[in-house]
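The values are calculated or read from the model by the stated rules, or taken from the named source; none is laboratory data. Everything quoted here is computed from the prediction, not taken from an experiment. Positions of Cβ are generated from backbone atoms using ideal geometry, with glycine treated the same way; all protein chains shown enter the neighbour counts.
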């Protein structure tokens, strides 16, 4: 059996989790596909292979672009591991969405995980799960991989999982209610929200790194100080990758999430 990997990871967190799980699975590596910047090719995976998919959560959903770029992959009852990485608030429908996507494409989901990664909006001023996944997270992911290895090697047909049975993240109900009420209030009053990051031209050196990091081509290499809001998915890879600190996402959501979701959540798995 060989292990194939599929990731979408603009800021690198989903990729780190996948790499740690791979280290634990410790099987011969097959196809490694990163759809952060390109679409996956037509691939039909066999029943005796294994597929690991690791993607980020945006607003409680799997990044839509990730699903779009994975659309051409197909399985033949191929065992798969579904992993979503979220920024310490909640993954909501994301794991179910990934599960349904894989099932509809011919895969048998035999394991699942919800992992914590630094939030896209996290900054030194508004820290949201800063530095995660940390060493403990990666060790947990590696152990998950080891358990997946045992499951696939000890069964001719590994059993599928029901992702609705995974343990939900612990969250104070009053905090969640306050968060939702605040967001609803913003929507009712038509509060202005930034559609994409902005650039401080006093700091920007036009090095072009942000354009290379952008998964949608929203930043022009010839004019990296501007961003096409219609293409931006607010992954904030351009912000985290800017050595000059010239890019920022001045959204009120950053402070709101920091204020309400500072308690660090735990990674959860299902086999």
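Candidates in the range 215-226 are the residues that are more than 22 Å from the chain's Cα centre (by Cα) and surrounded by 14 or more Cβ atoms within 10 Å (Cβ to Cβ); of these, the one that is nearest to residue 181 (Cα to Cα) is 225.
Every residue, every condition in (1) surrounded by fewer than 21 Cβ atoms within 10 Å (Cβ to Cβ); (2) within 19 Å of the chain's Cα centre (by Cα), yes or no:
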residue	(1), (2)
194	yes, no
213	no, yes
233	yes, yes
238	no, yes
242	no, no
245	yes, no
252	yes, no
255	yes, no
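Residues that are in contact (Cβ under 8 Å) with a residue 60 or more places away in the chain, at least 3 per element: which strands (runs of 3 or more DSSP E) completely within the range 49-153 meet that? Because the criterion is at least 3 residues that are in contact (Cβ under 8 Å) with a residue 60 or more places away in the chain, the strands (runs of 3 or more DSSP E) in the range 49-153 that meet it are 50-58, 78-86, 107-116.
Among the residues making up the range 213-237, a single one is out of contact with any strand residue (DSSP E or B) (no Cβ under 9 Å at 6 or more places or on another chain) and assigned to a strand (DSSP E or B): 223.
For the range 178-191, the condition of being in a loop (DSSP other than H, G, I, E, B) and outside the structural domain of residue 123 (by TED's automatic domain parsing) holds for at least one residue.
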